[in-house]
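Engineer: After the C-alpha coordinates below, expect a handful of questions from me.
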Amino acid sequence: MPLRDAIQARRSERAFARRPLDLQTLSDLLWAAFGPISAKRRSAPSSHNRQETELYVLLEQGTYRYDFEGNKLIGVTEEDLRATSGSQDYVGTAPLELAYVADKRKITGKTDRGVIETIYVDTGFISQNVYLFCAAEGLATVVRAMIPKDTLAARLRLAPEQEITLVQSIGWKSEEK
Ligand SMILES: Cc1cc2nc3c(=O)[nH]c(=O)nc-3n(C[C@H](O)[C@H](O)[C@H](O)COP(=O)(O)O)c2cc1C
(Lines give C-alpha, C1' and ligand atoms only; values in the text may rest on other atoms or scores of the structure.)
Protein backbone atom coordinates (compact mmCIF):
# COMPACT_ATOMS: atom_id res chain seq x y z
CA MET A 1 0.00 0.00 0.00
CA PRO A 2 1.42 3.44 -0.86
CA LEU A 3 2.27 5.51 2.21
CA ARG A 4 -0.34 8.09 1.27
CA ASP A 5 -3.08 5.43 1.35
CA ALA A 6 -1.84 4.06 4.69
CA ILE A 7 -1.98 7.55 6.20
CA GLN A 8 -5.49 7.95 4.80
CA ALA A 9 -6.60 4.58 6.26
CA ARG A 10 -4.98 5.07 9.69
CA ARG A 11 -7.48 5.34 12.49
CA SER A 12 -8.15 4.11 16.01
CA GLU A 13 -10.45 1.10 16.28
CA ARG A 14 -11.62 -0.57 19.48
CA ALA A 15 -13.33 -3.75 18.20
CA PHE A 16 -11.32 -6.84 17.30
CA ALA A 17 -11.91 -10.30 15.86
CA ARG A 18 -10.98 -13.16 18.19
CA ARG A 19 -8.58 -14.68 15.65
CA PRO A 20 -5.00 -14.56 16.94
CA LEU A 21 -2.20 -12.95 14.98
CA ASP A 22 -0.06 -15.43 13.06
CA LEU A 23 3.63 -15.39 13.92
CA GLN A 24 4.70 -13.90 10.59
CA THR A 25 2.34 -10.94 10.99
CA LEU A 26 3.51 -10.47 14.59
CA SER A 27 7.15 -10.59 13.48
CA ASP A 28 6.55 -8.10 10.66
CA LEU A 29 4.66 -5.80 13.04
CA LEU A 30 7.43 -5.80 15.65
CA TRP A 31 10.01 -5.07 12.97
CA ALA A 32 7.94 -2.17 11.60
CA ALA A 33 7.45 -0.87 15.14
CA PHE A 34 11.08 -0.49 16.16
CA GLY A 35 13.05 -3.16 14.37
CA PRO A 36 16.66 -2.96 13.20
CA ILE A 37 17.36 -1.36 9.82
CA SER A 38 21.15 -1.54 10.14
CA ALA A 39 23.65 -2.18 12.92
CA LYS A 40 22.90 1.18 14.52
CA ARG A 41 19.59 2.32 13.14
CA ARG A 42 16.01 1.33 13.97
CA SER A 43 12.71 1.86 12.16
CA ALA A 44 11.88 4.82 14.41
CA PRO A 45 14.05 7.71 15.58
CA SER A 46 15.04 8.12 19.21
CA SER A 47 16.67 10.99 21.04
CA HIS A 48 20.47 10.65 20.79
CA ASN A 49 19.75 7.24 19.25
CA ARG A 50 19.45 5.82 22.76
CA GLN A 51 16.83 3.28 21.68
CA GLU A 52 15.47 3.09 25.23
CA THR A 53 12.04 1.74 24.31
CA GLU A 54 11.37 -1.95 24.88
CA LEU A 55 8.37 -3.77 23.50
CA TYR A 56 6.41 -6.14 25.75
CA VAL A 57 4.15 -8.51 23.85
CA LEU A 58 1.01 -9.53 25.76
CA LEU A 59 -0.65 -12.56 24.16
CA GLU A 60 -3.23 -15.11 25.31
CA GLN A 61 -0.52 -17.78 25.65
CA GLY A 62 1.81 -15.61 27.71
CA THR A 63 3.80 -12.43 27.97
CA TYR A 64 7.11 -11.75 26.28
CA ARG A 65 9.76 -9.10 25.75
CA TYR A 66 10.87 -8.60 22.17
CA ASP A 67 14.58 -9.15 21.59
CA PHE A 68 15.30 -6.82 18.66
CA GLU A 69 18.79 -8.12 17.86
CA GLY A 70 17.82 -11.79 18.00
CA ASN A 71 14.36 -11.20 16.46
CA LYS A 72 12.80 -13.43 19.10
CA LEU A 73 10.42 -13.28 22.02
CA ILE A 74 11.84 -13.75 25.52
CA GLY A 75 9.38 -15.19 28.01
CA VAL A 76 8.40 -12.93 30.93
CA THR A 77 5.49 -14.91 32.37
CA GLU A 78 3.07 -17.58 31.17
CA GLU A 79 0.22 -15.38 32.40
CA ASP A 80 -2.19 -13.69 30.00
CA LEU A 81 -1.89 -10.06 31.12
CA ARG A 82 -3.88 -8.46 28.29
CA ALA A 83 -6.89 -7.58 30.44
CA THR A 84 -4.70 -6.03 33.14
CA SER A 85 -3.27 -3.50 30.67
CA GLY A 86 -6.22 -1.10 30.82
CA SER A 87 -9.51 -0.22 32.43
CA GLN A 88 -11.73 0.30 29.38
CA ASP A 89 -14.27 -2.37 28.43
CA TYR A 90 -12.60 -3.48 25.22
CA VAL A 91 -9.16 -3.97 26.79
CA GLY A 92 -8.22 -7.64 26.72
CA THR A 93 -10.39 -8.44 23.69
CA ALA A 94 -7.56 -7.84 21.18
CA PRO A 95 -5.22 -10.80 20.54
CA LEU A 96 -2.22 -8.54 21.15
CA GLU A 97 -1.55 -5.78 23.63
CA LEU A 98 1.79 -4.15 22.90
CA ALA A 99 3.25 -2.36 25.92
CA TYR A 100 5.88 0.32 25.35
CA VAL A 101 8.38 0.34 28.21
CA ALA A 102 11.13 2.95 28.45
CA ASP A 103 14.33 1.98 30.22
CA LYS A 104 15.22 5.31 31.80
CA ARG A 105 18.66 3.98 32.76
CA LYS A 106 19.66 4.52 29.13
CA ILE A 107 18.98 8.27 29.31
CA THR A 108 21.68 10.34 30.98
CA GLY A 109 22.37 14.06 31.25
CA LYS A 110 18.75 15.18 31.23
CA THR A 111 16.49 16.74 33.83
CA ASP A 112 13.59 14.67 35.15
CA ARG A 113 11.28 16.58 32.82
CA GLY A 114 13.68 16.01 29.92
CA VAL A 115 13.61 12.28 30.55
CA ILE A 116 9.81 12.23 30.53
CA GLU A 117 9.62 14.31 27.35
CA THR A 118 12.12 12.03 25.64
CA ILE A 119 10.51 8.72 26.48
CA TYR A 120 7.01 9.81 25.48
CA VAL A 121 8.10 11.42 22.21
CA ASP A 122 10.22 8.38 21.31
CA THR A 123 7.27 6.09 22.05
CA GLY A 124 5.04 8.20 19.83
CA PHE A 125 7.15 7.53 16.76
CA ILE A 126 7.01 3.78 17.36
CA SER A 127 3.28 3.85 17.93
CA GLN A 128 2.76 5.69 14.66
CA ASN A 129 4.80 3.03 12.84
CA VAL A 130 2.44 0.45 14.33
CA TYR A 131 -0.60 2.51 13.31
CA LEU A 132 0.64 2.72 9.71
CA PHE A 133 1.59 -0.98 9.61
CA CYS A 134 -1.89 -1.87 10.84
CA ALA A 135 -3.52 0.41 8.27
CA ALA A 136 -1.51 -1.20 5.49
CA GLU A 137 -2.17 -4.78 6.66
CA GLY A 138 -5.88 -4.42 7.47
CA LEU A 139 -5.41 -4.68 11.24
CA ALA A 140 -7.37 -2.74 13.85
CA THR A 141 -5.46 -0.85 16.52
CA VAL A 142 -5.73 1.84 19.18
CA VAL A 143 -3.00 3.32 21.33
CA ARG A 144 -3.86 3.84 24.99
CA ALA A 145 -2.63 6.01 27.83
CA MET A 146 -5.26 4.85 30.32
CA ILE A 147 -3.19 2.11 31.93
CA PRO A 148 -3.03 0.91 35.55
CA LYS A 149 0.72 1.41 35.39
CA ASP A 150 1.69 0.24 38.87
CA THR A 151 -0.25 -3.00 38.57
CA LEU A 152 0.98 -3.75 35.08
CA ALA A 153 4.60 -2.86 35.93
CA ALA A 154 4.52 -5.32 38.81
CA ARG A 155 3.03 -8.08 36.63
CA LEU A 156 5.68 -7.39 33.97
CA ARG A 157 8.36 -7.54 36.69
CA LEU A 158 9.76 -4.17 35.69
CA ALA A 159 12.58 -2.40 37.50
CA PRO A 160 11.72 1.01 39.05
CA GLU A 161 13.62 2.71 36.20
CA GLN A 162 11.46 1.05 33.55
CA GLU A 163 8.40 3.17 32.77
CA ILE A 164 5.35 2.04 30.83
CA THR A 165 4.55 4.88 28.45
CA LEU A 166 1.67 3.61 26.30
CA VAL A 167 -0.04 0.34 25.41
CA GLN A 168 -1.42 -0.42 21.95
CA SER A 169 -4.25 -2.89 21.32
CA ILE A 170 -3.89 -4.75 18.01
CA GLY A 171 -5.89 -7.40 16.18
CA TRP A 172 -7.79 -8.29 13.04
CA LYS A 173 -10.82 -6.12 12.41
CA SER A 174 -14.05 -7.27 14.02
CA GLU A 175 -16.24 -9.28 11.60
CA GLU A 176 -19.40 -7.88 13.20
CA LYS A 177 -18.84 -4.40 11.83
C1 LIG B 1 -1.26 9.74 23.62
C2 LIG B 1 -2.57 9.08 23.28
C3 LIG B 1 -3.29 8.45 24.28
C4 LIG B 1 -4.50 7.81 23.99
N5 LIG B 1 -5.15 7.12 24.98
C6 LIG B 1 -6.27 6.43 24.68
C7 LIG B 1 -6.90 5.63 25.68
O8 LIG B 1 -6.45 5.54 26.81
N9 LIG B 1 -8.02 4.96 25.33
C10 LIG B 1 -8.55 5.01 24.06
O11 LIG B 1 -9.57 4.35 23.82
N12 LIG B 1 -7.98 5.76 23.09
C13 LIG B 1 -6.84 6.46 23.36
N14 LIG B 1 -6.20 7.18 22.38
C15 LIG B 1 -6.75 7.20 21.01
C16 LIG B 1 -7.38 8.56 20.68
O17 LIG B 1 -8.65 8.64 21.34
C18 LIG B 1 -7.55 8.69 19.15
O19 LIG B 1 -6.27 8.70 18.54
C20 LIG B 1 -8.30 9.95 18.80
O21 LIG B 1 -9.65 9.87 19.20
C22 LIG B 1 -8.24 10.27 17.31
O23 LIG B 1 -8.79 9.18 16.57
P24 LIG B 1 -7.97 8.52 15.38
O25 LIG B 1 -6.75 7.85 15.99
O26 LIG B 1 -8.91 7.50 14.77
O27 LIG B 1 -7.55 9.59 14.43
C28 LIG B 1 -5.01 7.84 22.66
C29 LIG B 1 -4.29 8.49 21.66
C30 LIG B 1 -3.08 9.11 21.96
C31 LIG B 1 -2.29 9.77 20.84
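The values are calculated or read from the model by the stated rules, or taken from the named source; none is laboratory data. Just so you know, these numbers come straight off a predicted model, no measurement behind them. Glycine gets a Cβ as well: all are built from the backbone with ideal geometry, and neighbour counts include every protein chain shown. SASA here: full protein model, heavy atoms, side chains in, ligands and nucleic acids out. Shrake-Rupley method; radii C 1.70, N 1.55, O 1.52, S 1.80 Å.
Engineer: Quick one: which residues, 5+ away or cross-chain, put their amide H under 5 Å from the amide H of residue 166? H built at 1.01 Å from N.
Structural biologist: Counting only residues 5 or more places away or on other chains, the set is 100.
Engineer: What are the principal axis extents of the Cα atoms in segment 92-177, in Å, biggest first?
Structural biologist: That works out to 49, 26, 17 Å along the principal axes.
Engineer: Quick query: amide H of residue 77 versus all other amide H atoms, modeled in the peptide plane; which residues come in under 5 Å with a sequence gap of 5 or more or a different chain?
Structural biologist: Here 63 satisfy the definition.
Engineer: Could you give me the ³J(HN,Hα) list for segment 54-67, computed from phi with Karplus coefficients 6.51, -1.76, 1.60 and θ = phi - 60°, whole Hz, x at Gly and Pro?
Structural biologist: Values, residue by residue: 9, 10, 9, 10, 9, 10, 4, 7, x, 10, 9, 10, 7, 8 Hz.
Engineer: For segment 54-134, compute Rg over Rh where Rg is the Cα radius of gyration and Rh is the Kirkwood radius from the inverse mean 1/r over Cα pairs.
Structural biologist: On the way: Rg = 14.3 Å, Rh = 14.2 Å.
My calculation puts Rg/Rh at 1.01.
Engineer: Now a separate question. When the dipole is taken about the Cα centre of segment 61-122, and only Lys, Arg (+1) and Asp, Glu (-1) are charged at their Cβ, what size is it in debye, to the nearest 20?
Structural biologist: Details: 8 positive and 11 negative charges, 67 e Å.
Magnitude of the dipole: close to 320 debye.
Engineer: For segment 85-102, in order, what is each residue's ³J(HN,Hα) by Karplus, 6.51 cos²θ - 1.76 cosθ + 1.60 with θ = phi - 60°, in whole Hz (x at glycine and Pro)?
Structural biologist: So the Karplus estimates, Gly and Pro as x, are 8, x, 10, 6, 4, 6, 5, x, 8, 7, x, 9, 10, 9, 9, 8, 10, 9 Hz.
Engineer: Can you give me the accessible area per residue for the chain, using a 1.4 Å probe, in Å²? Walk me through the numbers before you get to the answer.
Structural biologist: On the way: 9220 Å² over 177 residues.
Spelled out: the 1.4 Å probe surface of the chain, per residue, equals 52 Å².
Engineer: Taking the Cα centre of the chain as origin, sum charge times position over the Cβ atoms of Lys and Arg (+1) and Asp and Glu (-1), and report the length of that vector in debye to the nearest 20. Before the final figure, lay out the partial values.
Structural biologist: Values: 24 positive and 24 negative charges, 98 e Å.
So the magnitude is around 460 debye.
Engineer: Once you've got the GNM for the chain with C-alpha springs shorter than 10 Å, pick whichever of 23, 58, 166 has the biggest mean-square fluctuation.
Structural biologist: Highest fluctuation among the options: 23.
Engineer: What's log10 of I(q)/I(0) for the chain at q = 0.09, 0.12, 0.16, 0.20 Å⁻¹, Debye sum over Cα points only, no solvent?
Structural biologist: For the requested q values the scattering log ratios are -0.29, -0.52, -0.95, -1.50.
Engineer: Leaving out ligands, DNA and RNA, and with a 1.4 Å probe, what % of the accessible surface on segment 81-157 is carbon or sulfur?
Structural biologist: Numbers: 1790 of 3390 Å².
It is 53 percent, rounded to a whole number.
Engineer: Quick one: how many Å² of residue 143 are accessible to a 1.4 Å probe, rounded to 10?
Structural biologist: Surface accessible to solvent at residue 143 totals approximately 50 Å².
Engineer: Using a 10 Å cut-off on Cβ atoms, rank the peptides 80-91, 120-131, 95-106 from the highest mean neighbour count down.
Structural biologist: Working: 80-91: 16.8, 120-131: 19.4, 95-106: 21.5.
Going from most to least packed, we get 95-106, 120-131, 80-91.
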